[in-house]
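Student: Please find one structure pasted underneath; my questions will follow.
The values are calculated or read from the model by the stated rules, or taken from the named source; none is laboratory data. Please read all numbers here as calculations on a predicted model, not as lab measurements. Positions of Cβ are generated from backbone atoms using ideal geometry, with glycine treated the same way; all protein chains shown enter the neighbour counts. To get the accessible areas, we keep the full protein, side chains included, count just its heavy atoms, and leave off ligands, DNA and RNA. Shrake-Rupley method; radii C 1.70, N 1.55, O 1.52, S 1.80 Å.
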Amino acid sequence: MEEAITFAVLILSATLRVATPLILCAMGGLFSERSGLIDIGLEGKMLAAAFVAAATASVTGSAWLGLGAAILVAEALALLHGFACITHRGNQVVSGVAINILVSGLTIVFGMAWFQRGGQTPALPPEARFMPITLPGTQALADVPVLGRIWGDLIGGHNLFVYVALLIVPITWWVLTRTRFGLRLRAVGEVPLAVDAAGISVAWLRYRAVLICGLFTGIAGAYLSIAQNAAFSRDMTAGQGYIALAAMIFGKWRPFPALGACLMFGLLDAVAIRLQGVRVPGIGEVPVQFIQVLPYVLTVILLAGFIGRAVAPKAIGVPYEKEH
């Protein structure tokens with residue numbers, strides 16, 4: 001019984017760690033898309049933030065400076081996307097894809113030029129990373145069956161970003177549904193003409209939405225390279241920006257259902273990791289490549305099979321041109 005509980009705690013703990021960047025990206029994308037802007041560039045902003053965070057932390061030895069630099073570069077890319085799509089009314093999908101392609105190449109080029117490690121950054125010491133937090137009472141409860149495991153490894157034992165990601169979800173819900181800014185943001189994603197007629201700037205609302213998206217994706221990227229891992233590696237986001245986008249759509253552009261979708265992917269990934277090296281009766285040892293691709297395949301199947309009818313904001317993807 002205790003072994004089963006230990007296994008469950010380890011799986012759930014890994015689920016939270018894997019889902020953290022997805023949650024942050026999904027909440028950021030939710031702000032952008034509820035304002036009427038498609039944001040395919042979640043992947044690129046997160047990847048750029050991961051590289052800059054690790055590079056800055058490696059040079060300065062400060063995890064906080066790494067986080068700050070990650071947020072700044074993600075905000076710069078968010079503003080670039082906003083400038084192309086809001087100010088110049090460009091194609092939002094093309095802009096997002098361009099950011100992803102640009103960042104994928106530049107992180108490798110800069111990594112090779114600065115660190116000569118094939119696009120990777122040097123390994124970070126503990127003082128240049130965000131390490132797991134030990135909650136008060138962990139040592140006292142360590143020998144207590146079940147409760148000690150839950151308190152020390154499931155509730156505790158995570159770094160700061162995990163708790164921030166979980167806290168951002170109710171904050172996002174409150175901002176979107178209980179504040180004047182949230183009401184205006186949702187309105188501009190549905191009927192921007194009515195918002196403009198009320199004397200409210202559509203462009204300024206959308207720029208604020210992409211800045212919030214940049215903030216969250218910057219934190220997500222920093223988490224990958226200086227919290228969950230101890231360095232940046234080539235294309236380390238591995239499509240997680242796209243998964244976050246799918247989770248947001250699965251959640252029908254609502255915070256808590258999107259959280260559930262992110263946790264679902266995290267659970268599948270955590271289970272897949274535990275299955276590596278396990279021998280299945282009649283099949284033998286499951287190939288590692290199959291295990292690695294399993295969470296993505298199952299996520300696509302679940303999203304395609306159970307999403308139902310998702311109604312996007314009416315003005316999403318449509319450039320707004322003020323009528324004279």
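Student: Only one of (1) assigned to a loop (DSSP other than H, G, I, E, B); (2) over 19 Å from the mean Cα position of the chain (by Cα) is not met by Val94, so which one is it?
Tutor: Result: Val94 passes all but (1).
Student: Another question, if that's okay. Which of the following residues is touching a residue at least 24 places away in the same chain (Cβ under 8 Å) and not polar (S, T, N, Q): Ala8, Ala48?
Tutor: Working: Ala8 fails: touching a residue at least 24 places away in the same chain (Cβ under 8 Å).
Being touching a residue at least 24 places away in the same chain (Cβ under 8 Å) and not polar (S, T, N, Q) holds for just one of Ala8, Ala48, which is Ala48.
Student: OK, next. Can you find, within region 301-322, the residue that is modelled with the lowest pLDDT among those that are in a loop (DSSP other than H, G, I, E, B) and among the β-branched types (Val, Ile, Thr)? Write out each step before concluding.
Tutor: Initially, region 301-322 is screened for residues in a loop (DSSP other than H, G, I, E, B), giving 307-322.
Going one step further and asking which of them are among the β-branched types (Val, Ile, Thr), we end up with 307, 311, 316, 318.
Details: Ile307: 58, Val311: 72, Ile316: 82, Val318: 76.
Out of the qualifying residues, it is Ile307.
Student: Restricting the search to region 223-246, which residues are aliphatic (A, V, I, L, M) and within 10 Å of the chain's Cα centre (by Cα)?
Tutor: Taking region 223-246 first, the residues aliphatic (A, V, I, L, M) are 224, 226-227, 230-231, 236, 238, 243-246.
Leu224, Ile243, Ala244, Leu245 - these are the residues of region 223-246 that are aliphatic (A, V, I, L, M) and within 10 Å of the chain's Cα centre (by Cα).
Student: Taking the residues in region 177-212 that are touching a residue at least 12 places away in the same chain (Cβ under 8 Å), in a helix (DSSP H, G or I) and open to solvent by 60 Å² or more (accessible area, probe 1.4 Å) as candidates, determine which candidate is nearest to Thr87 (Cα to Cα). Spell out how you get there, then give the answer.
Tutor: So in region 177-212, the residues touching a residue at least 12 places away in the same chain (Cβ under 8 Å) come out as 181, 184-186, 188-193, 196, 200, 202-203, 205-212.
Next cut, in a helix (DSSP H, G or I) only: 181, 184-186, 188-190, 192-193, 196, 202-203, 205-212.
With open to solvent by 60 Å² or more (accessible area, probe 1.4 Å) added as a condition, the list becomes 184, 186, 190, 193, 208.
Details: Arg184: 19, Arg186: 20, Glu190: 19, Leu193: 16, Arg208: 13 Å.
Out of the qualifying residues, it is Arg208.
Student: Which ones in region 157-208 are small (Gly, Ala, Ser) and within 19 Å of the chain's Cα centre (by Cα)?
Tutor: Residues of region 157-208 that are small (Gly, Ala, Ser), as a first pass: 157, 165, 182, 187, 189, 194, 197-199, 201, 203.
Answer for region 157-208, where residues must be small (Gly, Ala, Ser) and within 19 Å of the chain's Cα centre (by Cα): just Ala165.
Student: When residues of region 129-152 are filtered for being in a helix (DSSP H, G or I), under 17 Å from Leu12 (Cβ atoms) and either touching a strand residue (DSSP E or B) at 6+ places or on another chain (Cβ under 8 Å) or open to solvent by 60 Å² or more (accessible area, probe 1.4 Å) (or both), how many remain?
Tutor: Qualifying residue count, region 129-152: 3.
Student: Does region 260-275 include one or more residues that are at pLDDT below 75, open to solvent by 40 Å² or more (accessible area, probe 1.4 Å) and touching a strand residue (DSSP E or B) at 6+ places or on another chain (Cβ under 8 Å)?
Tutor: no
Student: Another question, then. Suppose we filter Thr121, Thr107 for residues that are farther than 25 Å from Leu30 by Cβ, in contact (Cβ under 8 Å) with a residue 40 or more places away in the chain, in a loop (DSSP other than H, G, I, E, B) and of a type in the set (Ser, Thr, Tyr); which single one remains? Walk me through how you get there before you give the answer.
Tutor: Details: Thr107 fails: in a loop (DSSP other than H, G, I, E, B).
Sole residue among the options that is farther than 25 Å from Leu30 by Cβ, in contact (Cβ under 8 Å) with a residue 40 or more places away in the chain, in a loop (DSSP other than H, G, I, E, B) and of a type in the set (Ser, Thr, Tyr): Thr121.
Student: All but one of (1) surrounded by fewer than 24 Cβ atoms within 10 Å (Cβ to Cβ); (2) in a helix (DSSP H, G or I); (3) of a type in the set (S, T, N, Q) hold for Ser233; which doesn't?
Tutor: Every listed condition holds for Ser233 apart from (2).
Student: Being open to solvent by less than 40 Å² (accessible area, probe 1.4 Å), of a type in the set (A, V, I, L, M, F, W, C) and part of a helix (DSSP H, G or I) is the filter here; which residues of region 247-259 pass it? Write out each step before concluding.
Tutor: Residues of region 247-259 open to solvent by less than 40 Å² (accessible area, probe 1.4 Å): 247-248, 251, 253, 255, 258-259.
Among the residues that remain, those that are also of a type in the set (A, V, I, L, M, F, W, C) are: 247-248, 253, 258-259.
Ala247, Met248, Ala258, Leu259, listed by residue number.
Student: Please find, among Pro122, Pro170, Pro126, the residue that is out of contact with any helix residue (DSSP H, G or I) (no Cβ under 9 Å at 6 or more places or on another chain) and modelled with pLDDT of 80 or more.
Tutor: On the way: Pro122 fails: out of contact with any helix residue (DSSP H, G or I) (no Cβ under 9 Å at 6 or more places or on another chain); Pro170 fails: out of contact with any helix residue (DSSP H, G or I) (no Cβ under 9 Å at 6 or more places or on another chain).
When all the criteria are applied, what remains is Pro126.
Student: When you scan region 106-113, do you find a residue that is surrounded by fewer than 16 Cβ atoms within 10 Å (Cβ to Cβ) and either in contact with a strand residue (DSSP E or B) (Cβ under 7 Å, 6 or more places away or on another chain) or at pLDDT 95 or above (or both), even just one?
Tutor: Within region 106-113, not a single residue is surrounded by fewer than 16 Cβ atoms within 10 Å (Cβ to Cβ) and either in contact with a strand residue (DSSP E or B) (Cβ under 7 Å, 6 or more places away or on another chain) or at pLDDT 95 or above (or both).
Student: Might you check whether a residue that is without any contact (Cβ under 8 Å) to a residue 40 or more places away in the chain and not hydroxyl-bearing (Ser, Thr, Tyr) occurs anywhere in region 16-30? Steps first, please.
Tutor: Our first condition is that a residue be without any contact (Cβ under 8 Å) to a residue 40 or more places away in the chain; within region 16-30, this holds for none.
Within region 16-30, none of the residues are without any contact (Cβ under 8 Å) to a residue 40 or more places away in the chain and not hydroxyl-bearing (Ser, Thr, Tyr).
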